């Protein structure tokens, strides 16, 4: 078997006979024939399989056993001679009984789920006894019939039905008759008939030959019955045989053992006619055997016999197919893949939903099995290859043939092919066969010419083939495909032309043509070329030549003068022609231009130049334009009157002539000649074809340029000059008409250098110049030089004969600061720039730089420099906004001048803006009174300690602060705003911007907080307290909250001290605030009947329900008001509303004044919390203050008794008065006793009982007296 791989650049030269067609192909191949090709993920195997690995792989029809599915589940125990049947209703197989490896009969029921490929045990209330050698077949979609077998001691003849609907076993105990007890018989349901056929078996003494039919009662399956049949003929007695049924209703019996010999007969039984027929098939039959397995392959319409025990106790592993229509046996030409070990006594049932057979168990000479496998055979299938791609892709690609790499197929086996193409492996054409048909297939040969599919395949980069395998004429054999070779040819590349170039002209009537050799990816191809030449605008070639072996060709045909031709070339690889190259145009010109007859010469426009002019003679003697031609000039100091002299001279000038018609005036300049010299010239003309004219008919001459002359007339030397002085001269030029200009230079070093330019570009008629001598230095070694320059650049000069003296008085310089001059902000290294001037132009200057950081009041850091700039490193200077710079200039004579920045500039190095900060008060969405327009924010300073920070407060009724009102220059982090410009009930947005001294700014973290201005509502500056009027606010009044201390409120400290003895109230670590009403001038107003609501924020940072830093529950917090008269704190009369999320308490009140937040115990009864202080006390000299808490106004009576119950003292208090006052939150009443009885006498030392009664309750406390 020949194997090739996916290869590139392998050249085949093949002569193949395809019917009557002969192909001479020179091409490249792609071969597929390895397991990696066939098993590729992009290949599609439909009912075909790959056998072998690597080069030995081949494709064939699916003929295989699956791997053992028992590995996927827990299988039944090992066994043989079990019974198994297929249940259509739930797509499963039921297995019962069998013999264990120890020959013990089994009695378990197992179910194999085809869908999940798993075994599971079936539990039933009753079941058949353990047995082996029994048979079980399907009665209908849900129920199975089981009969007979051997229980290890004797044979059985019980009949059972298994119902898969509820997994129950039912024994038919009312049967009137039944086969005798037996095992190892054959039993099968006759398809299409309501009958189960049973034959033979062994009754524990000898093989049997009786035929029984189980008549199925479809209306009541449990009323079915057995019938003994008496056919005229029948198979001989036998056991260990097998049986299956086909769709015509007959059952077929194969093999077995007759007590002496093994058998291989096949009999058919027609249950309707009660007729047995020995088929006596033709040809080779399976070997004799017993305990084989047999099923009917519905898909392929064949009976299949598998394995069994043959002669000499050899276990067989073969498979045989029996075809009833032709009455013959057949076996495959290959062995099924993954074949299980040879065996007998196994179960094998057909699963129609899969068109596969299911195998379980069995035994061989050394082992019992419990494997579960599927067997499948397909008589047709299709393989779709992965893509085939040429090693080199060209848009000119031909797919030419398919060669099948395989052995000769047996009769009835066939492989056919179709092809599809794609450019991207994504979008594929349909598959096509002969005649470019989607229904036709290439078939019946080993080599196929696929060029007829050129319209489908050619020029596409990828193709794939589809192979159809067909064995329907020779089941169960399979066609074999070892591989395929696809041949393709790539058209030679298009030739690129070299010469003559497109549009070229030649003076050769038989020119040579050159081109680049064509490339051909088919490396074995030998290329030849075809050239075609046509007259322009004519499709008929002047000549054409083929078979040219190299990339050059010399014309064998003369081309006519004065004609345009076009030429092109293409390559041929022996199979196909490449594309024609582009065509190049070629003009043939064999006639030279005429000689120049009117050559003229004159002086040129530059030095060493002469100018030539002539009339164009035209091309082709005296006719036609000279296009893409050239001229050549040769010069001498003597006449040039023949070709001999001309050819000996060097070329003096040459160049192009383009589109010059006869008589056209041509002018050319000859350069590089000597000056002041007479030159003769001669010219020849060459056309674009290379034809050269005769020598120009006359040799003309011209004179080249000469330098001008100039003479200095003043100064002459010895003069002593200062200020402005006249310089004079005379001048002439040898070339009449030449223009001149003059330049004047001065030397201060007796002519070593003339570096001082006094004047330049003075016009031709100028003979004097007034010179400012201050442009040079004082001294006695001065010379003056004048230079004359003509229009072509030649010069003449004159210098004073002797030195002269320059002596000018010194004048002070001036200086101007350019940068920084005010308003700039500098950092890093910055260039300082200034400008200086001096009437003594040659004076040198030095400079000093001084810097001021206080706006020019003082200067420091004097820096000497000599240039008019200085790179100042500002890093060494402190950041600041008030810097100035001063520059002082000093000339050679010590005269000075200075200038400074016009205004301040700043220095900022690593300056950072002020630190981020947050707004504090008012909180977002706060409602403020006009009298509480206090704003505060964090003061986080500036990272640069030298920076001062100021703040700008901006308010606006728009979130974008346009328009906005800004208050700038605020020095601290709080500000009280005058509300005069604000509107009541308007919502204002506010933000704060911090700005350092260098104008770097930081906007607060929460720009856009809002507040509403309202007379009736406000909050404290720290945001702890909010208050608003419900009613009673005067028309001109504004509510106001201010923080108060003991220093401003006299009663505050006394009230705080008083709570020490209060049993009900406790002071917390809270500030006190005064709520008042003022007019617009901030004067307090009395309010007759105020009704306000107060919200007080408490601290519970961890949210644990306790006031921070204490054990006071949040539920015990109260708003407390200061009673100025009694100098006590009083809790608000009503319980507050507690908002745990906002951490606030809210109370309503009908009083203004000082408030704080208190802790108050919730009274447990109407009267509670009795205390007195001091206790004991000195009667007659002290009073004890008795306190108790009431929860309502009630008449009360206070009495004091001795311990013996004698009344000492009594007071009555009216409800609502001190002593009888109460409120829901508890009110602390205070009464006093001076230790005297009702008669005014001081009570003696001892213990007394204080009793308070009221509101239906009574409380008692002991009070002690100590004198």
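When the Cα centres of the range 424-502 and the range 1159-1227 are compared, how far apart do they sit, in Å?
Distance between centres, Cα-based: 118 Å.
Between residue 938 and residue 863, what FRET efficiency comes out of the Förster formula 1/(1 + (r/R0)^6) with R0 = 56 Å and r the beta carbon distance, rounded to 0.05?
Numbers: r = 43 Å, r/R0 = 0.77.
The calculated FRET efficiency here is 0.85.
With only alpha-carbon atoms in the gyration tensor, what are the semi-axes of the equivalent ellipsoid for the range 65-377, in Å, largest first? Don't jump to the answer; show the numbers that get you there.
Details: eigenvalues 122, 115, 76 Å².
Over the Cα atoms of the range 65-377, the ellipsoid semi-axes are 25, 24, 19 Å.
When every alpha-carbon pair in the range 919-1014 is counted, what percent end up more than 23 Å apart?
It works out to 21 percent of all Cα pairs.
Mind pulling up the Rg/Rh value for the range 502-644? Radius of gyration and Kirkwood radius, both on Cα. Each step should come with its number before you reach the end.
Values: Rg = 22.6 Å, Rh = 19.0 Å.
In the range 502-644, Rg relative to Rh is 1.19.
State log₁₀ I(q)/I(0) for the range 391-542 at q = 0.09, 0.10, 0.21 Å⁻¹ as given by the Debye formula over alpha-carbon point scatterers of equal weight, solvent excluded.
-0.48, -0.56, -1.28
When N counts the residues of the range 1128-1184, how does its alpha-carbon radius of gyration compare numerically with 2.2 N^0.38 Å, as a ratio?
Values: Rg = 17.0 Å, N = 57, 2.2 N^0.38 = 10.2 Å.
Output field value: 1.67.
If you take the C-alpha gyration tensor of the range 413-502, multiply each eigenvalue by 5 and take the square root, what semi-axes do you get, largest first, in whole Å? Please report the intermediate quantities before stating the final value.
Numbers: eigenvalues 266, 40, 26 Å².
Square roots of five times the eigenvalues give 37, 14, 11 Å.
For residue 694 and residue 1257, calculate 0.36 nm times their separation in residues minus their Cα-Cα distance, and state this gained length in nm to one decimal.
Result for the pair: 187.3 nm of gain on full extension.
Viscosity 0.692 mPa s, temperature 37 °C: Stokes-Einstein D of the range 1164-1267 from its Kirkwood Cα radius, in µm² per second?
It comes out at roughly 241 µm²/s.
Can you tell me how much longer the chain between residue 222 and residue 191 gets when fully stretched, taken as 0.36 nm per residue apart minus their C-alpha distance, in nm with one decimal?
Values: separation 31, 0.36 × 31 = 11.16 nm, distance 1.97 nm.
That works out to 9.2 nm of additional length.
Equivalent-ellipsoid semi-axes (√(5λ), Cα gyration tensor) for the range 280-344, whole Å, largest first? Don't jump to the answer; show the numbers that get you there.
Values: eigenvalues 77, 42, 23 Å².
Semi-axes (√(5λ), whole Å): 20, 14, 11.
No solvent, one uniform scatterer per C-alpha: report log10 I(q)/I(0) for the range 895-971 via the Debye equation at q = 0.19, 0.26, 0.27 1/Å, two decimals.
Normalising to I(0) and taking log10 leaves -1.04, -1.36, -1.39.
Residue separation times 0.36 nm, minus the C-alpha to C-alpha distance between residue 983 and residue 1267: what's the value?
95.3 nm
Would you mind getting me the FRET efficiency between residue 391 and residue 35? Use the beta-carbon distance for r and R0 = 22 Å, nearest 0.05.
That pair, residue 391 with residue 35, gives E of 0.50.
Could you give me the percent of Cα pairs per 5 Å distance bin for the range 600-703, shortest bin first, beginning at zero and ending with the bin that holds the maximum distance?
Histogram of Cα-Cα distances, whole percents per bin: 3, 13, 25, 23, 19, 12, 4, 1.
Once every DSSP H run of n ≥ 4 in the chain is given -39500 (n - 2.57) and the sum is divided by its residues, what mean residue ellipticity at 222 nm do you get, rounded to the nearest 500 deg cm²/dmol? Each step should come with its number before you reach the end.
Values: 4 runs with 23 residues, N = 1267.
Result for the chain: -500 deg cm²/dmol, rounded to the nearest 500.
Taking the Cα centre of each part, how many Å lie between the range 806-844 and the range 937-972?
Cα centroid to Cα centroid, the span is 42 Å.
With a bin width of 20 angstrom, please list the P(r) values of the chain as percents of all Cα-Cα pairs, from the 0 bin to the one holding the largest distance.
All Cα pairs, binned at 20 Å, distribute as 8, 14, 10, 11, 19, 21, 13, 4, 0 percent.
Quick check: convex hull of the Cα atoms in the range 1015-1162, volume per residue, rounded to a whole Å³?
It comes to 114 Å³ per residue, whole-number rounded.
In which sequence would 1183, 1130 go, from the one with the fewest C-beta neighbours within 10 Å to the one with the most?
So the ranking, lowest neighbour count to highest, is 1183, 1130.
Give me 1036, 291, 1022 sorted ascending by neighbouring Cβ count inside 10 Å, so fewest comes first.
1036, 1022, 291
Over the Cα atoms of the range 713-790, compute the convex hull volume and normalise it per residue, giving Å³.
90 Å³
Give the Kirkwood hydrodynamic radius (Å, one decimal) of the range 937-1076, defined as one over the mean of 1/r across all pairs of different Cα atoms.
18.4 Å
Roughly what percent of Cα-Cα pairs across the range 643-759 reach past 17 Å?
When every Cα pair of the range 643-759 is considered, 74 percent fall beyond 17 Å.
Looking at the range 496-588, send over the antiparallel percent of its DSSP beta bridges, to the nearest 5.
Percent antiparallel among DSSP bridges in the range 496-588 is about 90.
Kirkwood Rh, the range 101-238, all Cα pairs: how many Å?
Numbers: mean 1/r = 0.0632 Å⁻¹.
This gives a value of 15.8 Å.
Taking a virtual spin label 7 Å from the Cα of residue 763 along the C-beta vector, which residues in the range 714-740 bring their backbone nitrogen under 20 Å of it?
727-733, 737-740, by backbone N distance to the label point.
Divide the volume of the convex hull of the Cα atoms of the range 79-128 by its number of residues and quote the answer in cubic angstrom per residue.
On the way: hull volume 4.3 nm³, N = 50.
Given the Cα convex hull of the range 79-128, per-residue volume reads 86 Å³.
Hey, fewest Cβ within 10 Å first, where do 1129, 990, 726 land in order?
726, 990, 1129
FYI, it's all coordinate maths here, none of it is from the lab. Keep in mind that this is a model prediction, so the values were computed, not measured. Counting neighbours? That spans all protein chains shown, and the Cβs are built from the backbone with ideal geometry, glycine included.
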